[in-house]
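A.B. asks: Please see the structure below; I have some questions.
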Amino acid sequence: MKNKQIWGRIGQIVLVLLGISFVTFALVMLSPGDPVRQMIAGNEDIVVSQVEIDALRHELGLDKPFIFQYLDWLGRAVQGDFGFSYMVKKPVVEELMQSLPATLILALASTLFMLVFSLPLGIYSAVKRNSVFDYAVRGLTFFGVSIPNFWMGLMLLWIFGLKLGWLPIVGGRVSLETLILPATTLGIVMAAKYTRQVRSTVLEELNQDYVVGARARGMSESYILWREVLPNVMLPLITLLGLSFGNLLGGAAVVEIVFSWPGLGYLAVQSIIYRDFQLVQGIVLWIALMYMVINLVVDISYNRLDPRLRKEGR
């Protein structure tokens, strides 16, 4: 991608973020519940009059028309101020920065688990098409794709946490022993999907004319596979990997709730339950930003992986 194209994509990201922020802000304002009363509800021993509630609402700017509230919030957000979370009693940005490392660790561990199993299984299954190994891999991946994340997580908790006692059942902290089960849960489902995609992509390339020609010239199957086929299957696989990693960075809410993993997904669910509108707005924007940035990085990497794209860009 040329610099002009990259700046164009960055401009698109800004416009999309503006649209997402406006829609999210509107949905939050339309949702039931009063954030002022929710803030006061945390202090059960304090009796607050309606006059004080109205004064607090005025102080927070919640008595202004919707569009003015949004513009006020947008003006602060551009400066890096996403508001104050009354659920955790700290600025939204500070809470996001505390939850983001846990989500990054879980996403990286799940992706590594997925790559270790899906790449060799998918490639070998394509090479050994219609063999016993291929049928076994296809059956296992079909089973893995069909299993919901929460069920897989509960079964792993029941087996390795409750029955065997190898791993802790209660999470709530970031450590190696609490990471194993949630990363395995996400990794199994991702590996099942990715293995099928790898197999399908490799099979498609093995049926191309250039592979037939390479075999006719006497090239070995291993040379054809590693030097000819695999470089051509990298682009679609990297696209899928980028999308999967973006989803994980958005927070695998169900898995994080099951294992009490303190990431963005867990935080998003808690903020919705407590109607912490400022925190919900900040989480949605962070997730959208990370997802689009990862897609941009994937698109930029295409030029490094495919020489044909570099020639077209000149």
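A.B. asks: Would you confirm, using the coordinates I've provided, whether Phe133 is of a type in the set (Phe, Trp, Tyr), assigned to a helix (DSSP H, G or I), at pLDDT 90 or above and out of contact with any Gly (no Cβ under 9 Å at 6 or more places or on another chain)?
C.D. replies: The answer is yes for Phe133.
A.B. asks: Keeping to segment 73-100, report how many residues are in a helix (DSSP H, G or I) and either of a type in the set (A, V, I, L, M, F, W, C) or exposed (fewer than 14 other Cβ atoms within 10 Å of the Cβ) (or both).
C.D. replies: Residues flagged as in a helix (DSSP H, G or I) and either of a type in the set (A, V, I, L, M, F, W, C) or exposed (fewer than 14 other Cβ atoms within 10 Å of the Cβ) (or both) within segment 73-100 amount to 13.
A.B. asks: Filter segment 254-267 down to residues that are among the aliphatic types (A, V, I, L, M) and open to solvent by 20 Å² or more (accessible area, probe 1.4 Å) and give me whichever is farthest from the chain's Cα centre (by Cα).
C.D. replies: So the residue we want is Val258.
A.B. asks: What are the residues in segment 126-160 that are of a type in the set (Gly, Ala, Ser) and surrounded by fewer than 17 Cβ atoms within 10 Å (Cβ to Cβ), if any?
C.D. replies: Within segment 126-160, Ser131, Ala136, Gly139, Ser146 qualify.
A.B. asks: Here are some residues: Ile287, Ile273. Which one is free of Cβ contacts under 8 Å to residues at least 12 places away in the same chain, open to solvent by 30 Å² or more (accessible area, probe 1.4 Å) and not basic (Lys, Arg)?
C.D. replies: Answer to the selection: Ile273.
A.B. asks: Give segment 204-213 a look and list any residue that's open to solvent by less than 60 Å² (accessible area, probe 1.4 Å) and either within 22 Å of Leu119 (Cβ to Cβ) or in contact (Cβ under 8 Å) with a residue 40 or more places away in the chain (or both), or say none.
C.D. replies: Glu205, Leu206, Val211 - these are the residues of segment 204-213 that are open to solvent by less than 60 Å² (accessible area, probe 1.4 Å) and either within 22 Å of Leu119 (Cβ to Cβ) or in contact (Cβ under 8 Å) with a residue 40 or more places away in the chain (or both).
The values are calculated or read from the model by the stated rules, or taken from the named source; none is laboratory data. Values in this document were obtained by computation on a predicted structure and should not be read as measured data. As a convention, Cβ positions derive from the backbone with ideal geometry for all residues, glycine included, and neighbour counts pool all protein chains shown. Side chains included, ligands, DNA and RNA excluded: accessible areas come from the protein's heavy atoms. Shrake-Rupley method; radii C 1.70, N 1.55, O 1.52, S 1.80 Å.
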